[in-house]
């Protein structure tokens, strides 16, 4: 079965390896997974929201809390949507 039909939430933090998350998203899609992204402010210095939206088909959330989505508890909806959560790059900092 692999990742076919699985929903993966990718949290992209700051670190030079963040650029590799673009390839990770491509590989996940090739394996059948659907991805959505939370992009930290530091992560946005390495990858752009536009690139992430193009690859996932969904605009990334910039940070966890977005005022226009919090009346519907958007951050909780994302956690309920995901089958898996990955934080990348996983740096010591």
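The values are calculated or read from the model by the stated rules, or taken from the named source; none is laboratory data. Fair warning: this is a prediction, and the values are worked out from it, not measured in the lab. We place every Cβ from the backbone using ideal geometry, glycine too, and count neighbours over all the protein chains shown.
For the reader, a short list of remarks on this structure follows.
- Tallying residues that are more than 13 Å from residue 19 (Cα to Cα), out of contact with any strand residue (DSSP E or B) (no Cβ under 6 Å at 6 or more places or on another chain), at pLDDT 90 or above and assigned to a loop (DSSP other than H, G, I, E, B) within the stretch 42-72 yields 2.
- Top-ranked residue of the stretch 1-17 - restricted to ones that are at pLDDT below 90 and closer than 18 Å to residue 31 by Cβ, ranked as surrounded by the most Cβ atoms within 10 Å (Cβ to Cβ): 2
- A search for C-beta distances below 7 Å between a residue of the stretch 48-70 that is farther than 10 Å from residue 36 by Cα and any residue that is surrounded by 12 or more Cβ atoms within 10 Å (Cβ to Cβ) and modelled with pLDDT of 95 or more, counting only pairs 6+ apart in sequence or on different chains, returns 51/22; 62/49.
- Scanning the stretch 23-38 for residues that are in contact (Cβ under 8 Å) with a residue 24 or more places away in the chain and closer than 15 Å to residue 51 by Cα yields a count of 8.
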